[in-house]
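Structure first, commentary second.
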Amino acid sequence: MPDAQKDLAALGIEVTAQDGAAFDGIAFLSGRHCVAAHFERGTGMGIRRLRLHALLVERCRELGVRLAWGSRISATQNPNQPWTRIWTLDSESCSYRYAIGADGQSSRVRQSIGLGQGNILSRRFGARCHYRVRPWSRMVEVHWGELGQAYITPVGPEEICVATVARSPEIRMEAVLASLPALRAHLEGADELSKMRGALTTTRKLRRVTAGNVALTGDASGSADAITGEGIALSFRQARLLAEAIAVDNLSVYEAGHPAILRMPHHMSRAMLSMDAWPWLRERAMGLFSARPQLFAHLLALHLGERTLRDFLFCDEPARKVA
């Protein structure tokens, strides 16, 4: 998203047109309803995870970061300082000023410092695959169906990423796509460019994200459902905030600011997951968005931080009547 690109640029990484494919906004499609909104500021960028990973690694090397891929990490309690851990890397003890756990939803670091699983507010199951087909839209499309959603993102001049998310682990990607005839028609005869991969997506909230001189970031520190499109952007923002806290040698700065980063994505995920769970609510919402597309545009701008809640409540006349 445009806001994620700004956060990534602040970390020293610029994405260009050669890295993926630009998109101009978001479209929701459900049955007979369709509504779309352009970003108010800038464009988004569909980029393969492998390419983004390469850019991150390149930036790390520029900064002199040592990358120890495939190493075995373990932690034991420090008997002299119970609030800290002794970390070993391939059985070699590591001295450190701060330890950062960025090891995903099933974080071992989180478990080792006693912060538990937190509150899991939602749990869904996703899959993705890339197809060789010319993008038919400059929008990221979200197709809503009875079995779940399908997200279509252009990632190249002749390539798209298709991701599906469903509430049940028994619902496969093929079933979701089969339930969306308009999308299925676009994919007919298209070659698959990657193996289908699956992942768990959750909305998780933790009471704390630091313990002593250890901090959690990314999905290890809490998450929002993939439906928000903000997952990786959250990790960029958390990284910046964590760097600021380390610069002043005070992790309480990170602890205090972390909840605000997740607040809006959590609100948006609750609203959209309600649309997923209740077909009648989805039909009402899509009917409202179709009749008042400016309302959808204002919600998108609010989600991306381009407008404040006050801006949304006091937007132009047609939307204000709806609100």
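Applying the criterion of at least 1 residues that are buried (at least 21 other Cβ atoms within 10 Å of the Cβ), of a type in the set (Lys, Arg) and at pLDDT 90 or above to the strands (runs of 3 or more DSSP E) found wholly in the range 97-151 leaves 119-132. Filtering the range 248-268 to residues that are in contact with a Leu (Cβ under 8 Å, 6 or more places away or on another chain) and small (Gly, Ala, Ser) leaves only GLY257.
Sub-9 Å Cβ pairs linking a first residue in the range 23-43 that is without any contact (Cβ under 8 Å) to a residue 24 or more places away in the chain to a second residue that is buried (at least 21 other Cβ atoms within 10 Å of the Cβ) and outside any strand (DSSP E or B), at least 6 apart or interchain, are ARG32/MET286, ordered by first then second residue.
Restricting attention to the range 72-96, the residues that are within 15 Å of GLY212 (Cα to Cα), at pLDDT 85 or above and in a strand (DSSP E or B) add up to 0. The set of residues from the range 229-253 being closer than 15 Å to THR210 by Cβ, assigned to a helix (DSSP H, G or I) and touching a residue at least 24 places away in the same chain (Cβ under 8 Å) comprises ALA239, LEU242, ALA245, ILE246, SER252. Condition check for GLU244 on (1) closer than 16 Å to ARG128 by Cβ; (2) surrounded by fewer than 17 Cβ atoms within 10 Å (Cβ to Cβ); (3) of a type in the set (Asp, Glu): one failure, at (1).
Here is a check on your reading of the model: is GLY222 in contact with a Ser or Thr (Cβ under 7 Å, 6 or more places away or on another chain) and within 28 Å of ARG59 (Cβ to Cβ)? No. Taken over the range 67-87, the residue count meeting the criterion of being among the hydrophobic types (A, V, I, L, M, F, W, C) and either in contact with a Gly (Cβ under 7 Å, 6 or more places away or on another chain) or over 15 Å from ASP103 (Cα atoms) (or both) is 2. When the range 177-210 is filtered for residues that are in contact with a helix residue (DSSP H, G or I) (Cβ under 9 Å, 6 or more places away or on another chain), touching a residue at least 40 places away in the same chain (Cβ under 8 Å) and among the hydrophobic types (A, V, I, L, M, F, W, C), the ones remaining, listed by number, are LEU183, LEU187, MET196, ALA199, LEU206, VAL209.
Would you check which residues across the range 248-266 are of a type in the set (D, E, K, R) and closer than 15 Å to ARG237 by Cα and list them? Correct list: GLU255, ARG263.
With respect to ALA215, is the statement that it is under 29 Å from GLY101 (Cα atoms), in contact (Cβ under 8 Å) with a residue 60 or more places away in the chain, in contact with a strand residue (DSSP E or B) (Cβ under 7 Å, 6 or more places away or on another chain) and assigned to a helix (DSSP H, G or I) true? Spelling it out, it is not the case that ALA215 is under 29 Å from GLY101 (Cα atoms), in contact (Cβ under 8 Å) with a residue 60 or more places away in the chain, in contact with a strand residue (DSSP E or B) (Cβ under 7 Å, 6 or more places away or on another chain) and assigned to a helix (DSSP H, G or I). For the range 134-151, filtered to residues that are among the charged types (D, E, K, R) and over 22 Å from LEU300 (Cα atoms), the residue that is farthest from the chain's Cα centre (by Cα) is ARG134.
Looking across the range 171-210 at every residue that is within 19 Å of the chain's Cα centre (by Cα) and surrounded by 18 or more Cβ atoms within 10 Å (Cβ to Cβ), the one that is farthest from HIS266 (Cα to Cα) is identified as VAL209.
Of all helices (runs of 4 or more DSSP H) completely enclosed by the range 262-323, which ones contain at least 2 residues that are modelled with pLDDT of 90 or more?
279-291, 293-303
Kindly indicate whether any position in the range 73-83 is aliphatic (A, V, I, L, M) and more than 27 Å from the chain's Cα centre (by Cα). Within the range 73-83 (the criterion being aliphatic (A, V, I, L, M) and more than 27 Å from the chain's Cα centre (by Cα)), the answer is yes, since at least one residue qualifies. Note on the range 1-71: enclosed strands (runs of 3 or more DSSP E) holding 1 or more residues that are surrounded by 14 or more Cβ atoms within 10 Å (Cβ to Cβ), among the aromatic types (Phe, Trp, Tyr) and at negative phi are 20-23, 25-30.
The values are calculated or read from the model by the stated rules, or taken from the named source; none is laboratory data. Remember, predicted model here, so these are calculated numbers, not experimental data. Glycine gets a Cβ as well: all are built from the backbone with ideal geometry, and neighbour counts include every protein chain shown.
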